[in-house]
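Here's the structure, in structure tokens; my notes come after.
The values are calculated or read from the model by the stated rules, or taken from the named source; none is laboratory data. All figures in this text were calculated on a predicted structure; none of them were measured in a lab. Because the Cβ atoms are built from the backbone with ideal geometry, glycine has one as well, and the counts that use them run over all protein chains shown.
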Amino acid sequence: MITSNIELILIVTGVLTGSMVVQFVAPSSVARHTFGEAPSGAASIALARHWGLLLFCVGALLVYSAFHPAVREPAVVLASVEKAGFAACVFGTSLRKRPIISMMAAADALMTLVYVLYLLGL
């Protein structure tokens, strides 16, 4: 089922992931809304912007891989590592107590599960 629908799955999850480009544009407001506190200082804002840009790139790669099977497996592996790492960082810390960030981490964990099932050919 996953394999036969992988193109649609990659497009939807890629768009959802790429939507974090908004953090690149408005890092303080997005971080305040998501994490409950805004970054303070130039370095924190730069890192928040960078994270938003990286997520946009991962999302764009997922969408691209929906139309280019040759890059699909490496793109899914990359996204799986990023998403599993994010989920671990949230659920392994006190951030898990924040509803919005926990919801994002749960969604990333679910996407990781779907990607792993795809890579296993299920």
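In region 92-113, the residue that is surrounded by the fewest Cβ atoms within 10 Å (Cβ to Cβ) out of those that are of a type outside the set (Gly, Ala, Ser) and touching a helix residue (DSSP H, G or I) at 6+ places or on another chain (Cβ under 6 Å) is Ile100. Checked against (1) farther than 24 Å from Ser4 by Cα; (2) out of contact with any helix residue (DSSP H, G or I) (no Cβ under 6 Å at 6 or more places or on another chain); (3) modelled with pLDDT under 95, Thr34 passes all but a single condition, namely (2). The C-beta contact set for region 95-122 (first residue touching a residue at least 12 places away in the same chain (Cβ under 8 Å), second residue among the acidic types (Asp, Glu) and crowded, with 16+ Cβ neighbours inside 10 Å, distance under 6 angstrom, 6+ apart or interchain) is empty. Residue selection: Leu122 fails the criterion of being more than 18 Å from Gly18 (Cβ to Cβ), over 17 Å from the mean Cα position of the chain (by Cα) and modelled with pLDDT of 95 or more.
Yes/no matrix, rows are residues, columns are (1) within 11 Å of the chain's Cα centre (by Cα); (2) modelled with pLDDT under 95; (3) within 24 Å of Leu78 (Cα to Cα):
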| site | (1), (2), (3) |
| --- | --- |
| Asn5 | no, no, yes |
| Gly14 | yes, no, yes |
| Phe24 | no, no, yes |
| Ala38 | no, yes, no |
| Gly52 | yes, no, yes |
| Leu61 | no, no, yes |
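Answer with yes or no whether Val90 is at pLDDT 95 or above and within 22 Å of Ile6 (Cβ to Cβ). No, not satisfied. Of the residues Val76, Val71, only one is part of a helix (DSSP H, G or I) and buried (at least 16 other Cβ atoms within 10 Å of the Cβ); which? Going through Val76, Val71 in turn, the sole match is Val76.
Pairs linking a residue in region 1-25 that is within 14 Å of Leu110 (Cα to Cα) to a residue that is at pLDDT below 95, with Cβ atoms under 8 Å and 6 or more positions apart or on different chains, are Ile2/Leu122; Ile9/Ile2.
Among the residues making up region 66-81, those that are out of contact with any Leu (no Cβ under 8 Å at 6 or more places or on another chain) and either closer than 13 Å to Ala109 by Cα or free of Cβ contacts under 8 Å to residues at least 12 places away in the same chain (or both) are His68, Pro69, Ala70, Pro74, Val81. The set of residues in region 62-73 that are out of contact with any Pro (no Cβ under 9 Å at 6 or more places or on another chain) and not charged (D, E, K, R) comprises Leu62, Val63, Tyr64, Ala66, Phe67, His68, Pro69, Ala70, Val71.
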